[in-house]
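Notes to accompany the following structure.
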Amino acid sequence: MNLPGGEKLHLYGTPGQERFDFMWDILVNGGIGLVLLLDNTRADPFQDMKFFLDTFDKFISTTTVAIGVTQMDLSSKPTIDDYHVQLRNIGLKPPVFAVDARVKSDVSLLIQSLLYTLDPGLEE
Amino acid sequence: MDKNKNPLKVALHGMDERSYKMMAMYLQGPCKGVAAVVNPPNAEIDIFDADSVTGQRLLRERIDGQAARPLIVLSLNASSIEGAFRIGKPVKTEEMLNALAKARAQLEQTAKAAQPPRSSFTAGTEAPPVAEADKPVLKNYVMETDEQKKTSKHQAAMQLNEKGFGAFIGNVPGIDVNDPRQFARASYNPKEYFQGYVESAYKVSREKNQTRQLNSGWNPLIILPDNDEVWLDVDENQLRAFAGLAINSTLGSKMSVTPLSPDLADAERALDRFHSMDAFLWKVACWASKGRYPSTIDIKQPVYLKSWPNFTRLLVTPHALRIAALLVQGPRTLPDVAEVLNIKPQYVFVFISAACSLGLAAQVRREADVLVQSPEIKPNKNQGLLKRILSTLLGKKA
């Protein structure tokens, strides 16, 4: 992503499988926040969510997290409300959006929510 | 015969949940619905994954049990099993279709041999109703490709900026909702608008968990609580005009919520007229508000936000994300939100109207919430970088 002023922003995605966990610590170093994409067709997406929130607990506590739920057109349950209930139980109120990762506006809104969570005073 | 109208009923064995779902979608998609997954007792053929531990055990039991129905075995191992159609992994669509065709032929042959005399059927006899257990087991999966074409399944958010607000949301003549001296007059009663009737109809439909229609002397709004969808055969301009009008007593008396009429139950519905229930109500509330706040809110008392709205599927009014981010941190009065964010109050009012309609925002009732002031917002240490990322996302030049 080319930013105004000539800076370049690099976005790093990391595979969620545990065998790639050696990459996770390296990638969060210097990161401004975590975007977590969850697959709603998985057997237990809540378990996935809790796993990653626990794993990145330290990083999230100093930055923030925004959650995108993918594949909701294939599997409508759990609903976005169900995710909020689970998150409330662990004391979190992050943005949780239904996301099609191929749609630019979906991903843009998810990142905007991450930025505004970091600083609501950020002017458009 | 059109195979898709008479899919083979298959039972899947020895697969974990993910493989099971994948195979069900594979049969529906690449195999063009030639077969559909049902519960084992209702199946015509069995498909086994012979490479899983459970699959091997179940397959042995199946072979020992001498069941009459055709058997398809998916396996890495090339050795054949007597009486079974073997498909090597990874499964190729052509091979799967070929095996299913053979299984169908075997079934037809068996049926012919066992066919009872024709006289046992009476002309005009109704087909027996489909047993509950015959329904596909993956209820939460979208099996119909038409389902995925529905607007409600994929409609991305529309993000309004300040310039587009007046034209899209409208305003109320005679009041400057942004003037603090006129705040007392800047409210509206949702019950006097289409919004209030839609909210009531949703409540009835959800409580009874039944499809209902909201009759308004206009096109009926069909509410499908099972799918969290509504259907309304009007275009957006018509809906915006209707939602923005206060409903007088004459029209109000025509409003009713009834079970779905038989003619509407059977009617074909255009896929682009489906909306998600939340997205529809959110938009209707924005159009009723026109930059005012709901009369149920006391402007001098703080409001709170229970959770972030699902913005990717809603109309995003100007500064809505910033307002949500601030209110999620703690309760504040509406004028305070406008002041802290340095935005016009109408943007806060319209957001609160929409969030209240979905039950996401409410007035603080506990004394403790009023007692402690919400924290002051501090600029993030990376504000410069965050601003540059934001301006790129919004397509602005710095």
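Values quoted throughout were computed directly from the atomic coordinates according to the rules given, and no laboratory measurement underlies them. Keep in mind that what you see is a predicted model, and the values were worked out from it rather than measured. FYI the Cβ positions are ideal-geometry reconstructions off the backbone, even for glycines, and counts take in every protein chain you see.
Legend: distances between Cα atoms for A:K93/B:K290; B:K290/B:K344; B:K9/B:K32; A:K77/B:K102; pairs beyond 25 Å are A:K93/B:K290; A:K77/B:K102.
Counting charges near B:N380 (Lys, Arg +1; Asp, Glu -1) among other residues having Cβ under 12 Å from its Cβ returns a value of +2.
Each residue of segment B:203-215 was assigned a 3J(HN,Hα) from its phi angle through the Karplus curve 6.51 cos²θ - 1.76 cosθ + 1.60 (θ = phi - 60°); the sequence is 4, 4, 4, 6, 4, 8, 6, 10, 5, 10, 10, 9, 8 Hz, with glycine and proline shown as x.
Using Cβ point charges alone (K and R +1, D and E -1), the dipole size of segment B:3-111 about the Cα centre works out to roughly 320 debye.
When the protein assembly as shown is described by a simple charge dipole with +1 on each Lys and Arg Cβ and -1 on each Asp and Glu Cβ, the residue from B:I389, B:A354, B:L264 located farthest towards its positive end is B:I389. For segment B:3-111, the relative contact order is 24 percent, taking Cα pairs closer than 8 Å that sit 6 or more residues apart in sequence and dividing their mean separation by the residue count. The mean sequence separation of alpha-carbon pairs under 8 Å and at least six residues apart, normalised by the residue count of segment B:187-286, gives a relative contact order of 34 percent. The aspartates and glutamates whose alpha-carbon is closer than 16 Å to the alpha-carbon of B:K208, local same-chain residues fewer than 8 away aside, are B:E199, B:D226, B:D228, B:E229. Please determine, in degrees from 0 to 90 and to the nearest 10, the orientation of helix A:45-55 with respect to the longest principal axis defined by the Cα atoms of chain A, where the helix direction is its Cα long axis. In chain A, helix A:45-55 runs at an angle near 50 degrees to the longest axis.
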